[in-house]
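The values are calculated or read from the model by the stated rules, or taken from the named source; none is laboratory data. All figures in this text were calculated on a predicted structure; none of them were measured in a lab. Every residue, glycine as well, gets a Cβ built from its backbone with ideal geometry; the counts of neighbours run over all protein chains shown. The protein model used for the area step is the full one, side chains on, heavy atoms only, and it has no ligands, DNA or RNA in it. Shrake-Rupley method; radii C 1.70, N 1.55, O 1.52, S 1.80 Å.
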Amino acid sequence: MMRLALTTAAATAAAVLATVLAPRAPLPAVPLSYVALGDSYSAGSFVRPWNADGCGRSEHDYPHQAARRLKLKLTDVTCSAAEVRAGLLGPQSELKGPPSVAPPGGWAAKPAQIGAVSATTGLVTVGAGGNSVGFADIIETCAKRGLASFGTGSPCTDHYARGEAASGLDSRFTALEADFAVLLKEIRTRAPHAGVAVVGYPAVVDEAAGCGWGSWNQLGTVTKGDMPWLDTLERRINALLREQARRSGAVYVDTYSSSAGHGVCATGERRWMYGIKDTLTGPGDQSDPPSELCRSIPAQGEACTVLHPNLRGATHQADLVTEALTGLGAAGR
């Protein structure tokens with residue numbers, strides 16, 4: 001009986017040990033959660049195909065491209081016309097598409113983008129700031145003043161850098177600096193363990209060579225004399241974003257340096273930027289019915305794309321963002 005009991009016990013122990021040591025099927029990998037915040041340069045506006053809720057968010061914007069490459073679980077709340085305060089930190093009521101023509105009754109306001117960030121968020125990208133300083137309005141003003149001067153001089157530079165609008169522009173930068181600091185602090189509070197990347201703006205008009213006055217596929221009636229100041233303005237925005245990233249411990253993604261020479265004045269495949277009115281890029285045949293103002297602009301082109309990255313530009317952004325997210329731990333998680 002004793003021998004039988006010992007034999008049974010040994011067999012039972014062996015069975016238990018075999019069960020414990022048996023190879024188990026690996027648990028399925030859980031995709032890392034990635035939240036993308038930003039404006040039209042992050043949303044890939046006018047790169048087909050885009051959503052039709054007024055934000056113009058493209059399936060080929062850099063958040064979508066990076067998420068596909070790295071197999072991330074993406075929440076993309078980027079939106080055209082978003083400002084840091086009215087869009088990322090707070091609700092956004094002003095939507096500009098595409099579609100450029102709003103439906104009857106307009107689009108519904110969008111909740112604050114920051115609401116998408118939570119304790120389960122693993123990665124965050126932020127690309128915003130241009131709308132907060134009024135970049136689109138500045139381009140419009142430059143075009144109007146350039147038309148009035150018949151393409152001569154630097155009327156926009158005189159207005160913003162040395163004239164009555166200089167102090168107002170400085171105030172916008174001061175407000176942007178404060179708002180962006182609040183935004184990055186809020187991201188850290190909501191997602192304390194997330195990797196955060198601040199994405200700068202690519203080169204728009206880093207060189208005037210190749211641009212012609214009156215060409216709406218480029219900068220329209222902005223004078224060549226004003227183009228260096230516009231480049232300085234963009235670099236000023238990027239410098240602010242870089243400094244805010246440094247202060248908060250976030251990674252800064254420099255999309256400007258490697259896109260120099262590929263701005264709106266470049267030609268052919270070297271151009272990664274839409275002009276003011278241009279031909280759409282991206283797969284499919286989605287179009288943007290032009291507004292009355294857009295139709296009045298004497299230029300060939302499907303839409304008033306107003307200086308945004310085209311598909312080549314969005315892919316360039318995605319290359320750099322993918323590299324940054326990989327450095328933050330996206331690969332191999």
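Odds and ends about this structure:
- Every residue from region 113-131 that is assigned to a loop (DSSP other than H, G, I, E, B), open to solvent by 30 Å² or more (accessible area, probe 1.4 Å) and among the aliphatic types (A, V, I, L, M): A119
- Among the residues of region 244-288, those that are open to solvent by 20 Å² or more (accessible area, probe 1.4 Å), polar (S, T, N, Q) and assigned to a loop (DSSP other than H, G, I, E, B) comprise T267, T279, Q286, S287.
- Of all residue pairs spaced 6 or more apart or on separate chains, those with beta-carbon atoms under 7 Å, a first member in region 132-156 that is in a loop (DSSP other than H, G, I, E, B) and a second member that is buried (at least 16 other Cβ atoms within 10 Å of the Cβ) and among the polar types (S, T, N, Q) are S149/T223; G151/T221; G151/T223; T152/T223; G153/T223; S154/T223.
- Residue satisfying all of: in region 289-319; of a type in the set (V, I, T) and open to solvent by 20 Å² or more (accessible area, probe 1.4 Å); nearest to S40 (Cα to Cα) among these: V306
- Residues (open to solvent by 70 Å² or more (accessible area, probe 1.4 Å), in a helix (DSSP H, G or I), of a type outside the set (D, E, K, R) and within 30 Å of A324 (Cα to Cα)) located in region 157-202: T174, V182, T189
- Residue that is touching a residue at least 60 places away in the same chain (Cβ under 8 Å), charged (D, E, K, R) and more than 24 Å from D285 (Cβ to Cβ), where the choices are D61, D39: D39
- Every residue from region 221-266 that is among the basic types (K, R), closer than 19 Å to G127 by Cα and touching a residue at least 12 places away in the same chain (Cβ under 8 Å): R235, R236, R242, R247
- Per this entry, P98 is counted among residues that are in a loop (DSSP other than H, G, I, E, B), more than 19 Å from V253 (Cβ to Cβ) and at pLDDT 95 or above.
- Region 212-232, residues that are within 25 Å of the chain's Cα centre (by Cα), open to solvent by 40 Å² or more (accessible area, probe 1.4 Å) and within 18 Å of D278 (Cβ to Cβ): W216, N217
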